[in-house]
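Some notes on the structure that comes next.
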Amino acid sequence: MSDNDDFTTRLRAWSYRRQFLDRSATNAQDLLRYLVAVYSSHPSGPLTLHSRTAAMTPTTIQEWEERREAVRIPGMRGSIFLVPIEFAADLIAATRKPVSGLVASLRYAGMDLADYETLKPQVIAVLQKPLPVTAIKRAYPDAERIMTAVRTMANEGLLLRLGGSLRRDDLRYVATESWLGAPIGAVDAERALHWLASAYLEAFGPARVADFAWWSGCTIRRARTAFASQATVDVGNGYLLPIDLIESFDAVSPLPVDSLAIVPKWDAYTMAYAPDGRQRWIDNEHLTKAFTLLGRPAQSGDALPLVLVGGRAVASWAHRFDGH
């Protein structure tokens with residue numbers, strides 16, 4: 001797709017507005033539900049929401065966590081996300097990696113699965129209240145082994161990460177059942193993936209099967225099955241959109257050329273599409289300037305902080321704290 005392609009222009013205008021990059025979202029919590037999840041790392045997660053709504057304060061996310069309205073859990077592609085509590089069970093089920101995949105990280109710390117299972121109840125007993133990493137390490141003589149177990153348990157949903165500073169990832173860990181009053185429930189993985197596909201198409205469509213597979217971390221086969229269960233229309237080139245949105249998509253107007261959006265690293269929008277499907281917001285020849293050189297192809301890695309003008313990425317940016 002070229003920049004002069006009417007379809008690309010329509011995709012760009014549609015997605016920009018559907019992503020609330022005009023900052024028109026009025027409720028931050030509803031926005032989080034709409035996006036499904038945002039990367040939990042600070043300041044990227046808060047800035048993803050702030051770039052879409054003025055209804056954010058420096059304490060918003062901390063308040064959600066304290067009220068048990070949002071949690072940080074493993075999700076798409078094995079990354080950690082801030083998620084509305086009502087989505088937690090489905091998101092874990094839809095994106096969960098098999099425990100066998102944990103063997104390599106356990107081995108690196110000198111453990112096997114039997115050692116890990118032995119450590120679990122000990123860790124849960126210590127983490128009945130939120131503790132920072134420094135306190136956890138003090139409780140055990142072998143810091144590398146215990147922190148590997150803690151991170152692995154968090155990836156299983158047995159422990160939760162809690163944020164602290166808005167500026168950095170100042171994490172505390174706590175036993176899930178202690179914090180929430182109950183474990184995160186187990187749900188059917190395929191049903192959960194179909195739910196995730198529906199939520200993805202609502203916020204990020206039109207999109208291809210390959211885009212959902214890349215975003216969610218599932219196989220193409222599972223992505224194809226999940227998309228097949230949705231009521232969608234192919235609006236061109238394999239891009240699918242929920243059928244109830246087709247009239248609005250057809251009527252979308254072009255973006256003003258001076259539309260300005262500033263998004264952070266790992267933004268929900270810039271991380272939403274496969275490497276070969278990002279033309280709605282960036283030209284192919286500039287992909288390597290918008291992503292860190294991780295993985296193959298190089299532009300499949302982490303999206304950098306970007307400036308969008310007229311819906312197109314034109315520059316990257318960086319931030320620093322002034323000490324106040």
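The figures follow:
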| read-out | value |
| --- | --- |
| Residue satisfying all of: in the stretch 48-59; in contact with a Pro (Cβ under 8 Å, 6 or more places away or on another chain) and at pLDDT 95 or above; nearest to Leu21 (Cα to Cα) among these | Ser51 |
| Cβ-Cβ under 8 Å pairs, at least 6 apart or on other chains, the stretch 299-312 side part of a strand (DSSP E or B), far side surrounded by 20 or more Cβ atoms within 10 Å (Cβ to Cβ) and of a type in the set (Ser, Thr, Tyr) | Ala303/Thr270; Leu306/Thr270; Leu308/Tyr16 |
| Within the stretch 112-142, tally of residues that are in contact (Cβ under 8 Å) with a residue 24 or more places away in the chain, surrounded by fewer than 17 Cβ atoms within 10 Å (Cβ to Cβ) and of a type in the set (A, V, I, L, M, F, W, C) | 1 |
| Pick from the stretch 44-82, criterion under 19 Å from Lys265 (Cα atoms) and hydroxyl-bearing (Ser, Thr, Tyr), ranking: surrounded by the most Cβ atoms within 10 Å (Cβ to Cβ) | Thr48 |
| Selected residue (criterion: modelled with the lowest pLDDT) from residues of the stretch 274-298 that are closer than 13 Å to Arg12 by Cα and outside any helix (DSSP H, G or I) | Asp283 |
| Cβ pairs under 8 Å, 6+ apart, first in the stretch 84-111 and over 30 Å from Asp30 (Cβ atoms), second acidic (Asp, Glu) | Val99/Glu156; Val103/Asp112; Leu106/Asp112; Leu106/Asp115; Ala109/Glu144; Gly110/Glu144 |
| Test result for Thr95, modelled with pLDDT of 90 or more, closer than 26 Å to Leu158 by Cα and either buried (at least 17 other Cβ atoms within 10 Å of the Cβ) or among the acidic types (Asp, Glu) (or both) | yes |
| Search result, residues across the stretch 239-276 that are surrounded by fewer than 14 Cβ atoms within 10 Å (Cβ to Cβ) and in contact with a helix residue (DSSP H, G or I) (Cβ under 7 Å, 6 or more places away or on another chain) | Ser253, Pro254 |
| Any hit, the stretch 185-208, residues being surrounded by fewer than 20 Cβ atoms within 10 Å (Cβ to Cβ), more than 30 Å from Gly238 (Cα to Cα) and among the charged types (D, E, K, R) | no |
| Some residue of the stretch 231-238 being in contact with a strand residue (DSSP E or B) (Cβ under 8 Å, 6 or more places away or on another chain), farther than 24 Å from Ile80 by Cα, assigned to a helix (DSSP H, G or I) and free of Cβ contacts under 8 Å to residues at least 40 places away in the same chain | no |
| Residue in the stretch 171-178 that is modelled with pLDDT under 95, over 23 Å from Leu31 (Cα atoms) and under 19 Å from the mean Cα position of the chain (by Cα) present | yes |
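The values are calculated or read from the model by the stated rules, or taken from the named source; none is laboratory data. Not measured: the values here are computed from a predicted model. Every residue, glycine among them, receives a Cβ derived from its backbone with ideal geometry; neighbour counts consider all protein chains shown.
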